[in-house]
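Working notes, beginning with the structure itself.
The values are calculated or read from the model by the stated rules, or taken from the named source; none is laboratory data. What you see is a predicted model, and the numbers here were worked out from it, not measured in a lab. With ideal geometry, Cβ positions are generated from the backbone for all residues, glycine too; neighbour counts draw on all protein chains shown. Protein only, heavy atoms only, side chains kept; ligands, DNA and RNA dropped before computing areas. Shrake-Rupley method; radii C 1.70, N 1.55, O 1.52, S 1.80 Å.
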Amino acid sequence: MRMETGTEVSVNVEKLMLTGCARSDEEAVKETSVEHSLSSSCKETEVGQAKSKRTVAVSDDIYMDDSNCRGAVVKRAGQVLETLSMSLDRQPNINCRVETFGKMCDKFDDRRKRWVTQMGFGGLLYLRKKHLPRSLCYWLMTRIDPINEMFVSNDGKTFRLSKNQVSCVFGIPNGPNCVPSKVGGRELGKYIPLIERVFGSGCVRKSDDGSGSVQLRGIEITPGMVRRAEEYWEESEEHEFKALFLAISLHLVLTPTQGARLAADVVPALCCAVTTVKYDWCSLVVRKLMQAVEVFGRRFYVDGYAGGCGGCSIFLAIFYLDRLNRNPILWGQYPRIKMWNMEQIRVASNADRFLPNGDYGKLGCLDVAYGEWHPREARDVPLPQPFYVEKVNGASIRGGGRRQRAEREEQEESCKRQRLCEREAQSVNPYSQGKSCMGKLRKWSCKGELCSSQMCTVNFGVHDVQKGAIGSRCKK
C-alpha cells in the first residue's frame, strides 16, 4: 500500500479537464488544492506486476456531491456518462442480466409458471421481453449512499431504500424469517440432499471433526443450468426445479455479483427453495445491492468511472422512474415491474436525460412513496357505487349499490303483484279494462261499488303518479 503523490494528483486534474469541464484559472487553482487533499484518503493497491487498481476508503462524506474525490467532481460537472465513454471503449458491465432471465421465463410452460407463483416469485415472470437500461443504471449507482442506504436525486432529494420498496417493485416474499447465510438445524439440513442432486456434491463440504456440520461453497451458474431450466420438467421434479430457479434468479437478477459464482453467503438460501414464502427476500436484495454499491464506489470515486457493477440494478431503475416529476404509469398497481414496458421506460429515460450525451436528472424527483397518493394524479376519487339508469315497465329506476339493488328488487316484486291484481280484477269485475290499483290503497267512499270517478293513486318508487282505471272495482 502507498499513498498517492502530488504529481499523480495533478495528472488526474489535467485528465479531468480534458473531459470538457471548462474552468477559469481561479477555479483550476481551487480544484488543484482540492485534489491535493484527496491524497489523505485515496489508496493504491498493486495487483500483479503490470497493472494497478486504485481504491478509496469508504466513508460517509465521499458519497456526497460536495466531496473532494474525483468521482464527486465528475458528478457535480454532470459528466458521469461522458467520462465513462471517454475512459472505456465498451459499455459498462452491469451484471443484472434481465435479458437472459426474461428469455428463460418466456419458455416456461403453465406448470413451471405455477411453481414459480407458488414460491412467491411470480412477479419476476414480468421481466419477459424486457432489457436493462444500462446507461441509466450506471448513473443511478453513482447516486446511492450505501452506508446510509439512501438514494440522493440530482436535485438534492433523499429517499431511504427499504425492503418494502423491493416488495412493491417485484412482489417477491417479504416474510417474517431472515434468509439464512449458513446451514443450521434440521429444518434446513434436510434439504442438503436436494442441493447435491441439483448442483452436485462438490458444493457441499462436511466438517472433519465429526460434528456433522455442513458448509456450502459458491456455486457457478453456467449457461447449461439456464438451458436445463428451459427444458421440460415432470411433476415429480417440482423441488429440483424450485431450487434451480431460485439459484438462477438470485444470480441473474436479485443478488448478482461481478463474478460467475453465486455468492457463498447466498448459497445456504437455496435450502429455502421449497418454503420461500416464509422468508424475507426483499431485505436480502437491499443488503446485496448496498454491498455492490460499496465495491463500485471504491473505484468510481478515485478514477471518476468504474468498469462495471453488481446488485439489482433493475430495481433501482423502476424505483427511480416511478419518482420522476412526470405523470405516473398506473400508479397504485403492483408489482411495479408489470406496469412498465420497454417503450415507457425508453420514453421516460430520454425525457430525463440532458441530451445529447449528458447525465440523467433533468426532470427532478417527487417526494412520493408507494402506497401514497401521487401528486401528479387527479385528486378526484371514484364514487363508492356505480350509477346507472334502467327501465322497468317503462319507468326509470336508478341504482348502483346494495341499497339500490334492494329497492329495485322490491319494485320488481311490486310489478308482479300488480299483474296478479290485474288478473284477479278481471276474473271478478267484467267491466275492468285490465288495470287496477297496486300497492297500498287509499280509502274511498265508493265502498267497493262500481265507480266512474278517479280511482286510487300509487306512489311507485321514482315512478310518476299513476292513475287507476275508470270503471274498476275499488276496495278500501
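Return the total of residues in region 224-266 being outside any helix (DSSP H, G or I) and open to solvent by less than 30 Å² (accessible area, probe 1.4 Å).
6
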Against the condition on the phi > 0 side of the Ramachandran plot, in contact (Cβ under 8 Å) with a residue 40 or more places away in the chain and open to solvent by less than 50 Å² (accessible area, probe 1.4 Å), how does Gly120 come out, does it pass? yes
Within region 267-319, residues in contact with a strand residue (DSSP E or B) (Cβ under 7 Å, 6 or more places away or on another chain), open to solvent by less than 10 Å² (accessible area, probe 1.4 Å) and outside any helix (DSSP H, G or I) come out as Gly308, Cys309
Just one listed residue, out of Ser167, Ser153, is modelled with pLDDT of 95 or more, small (Gly, Ala, Ser) and within 27 Å of Tyr138 (Cα to Cα), and it is Ser167
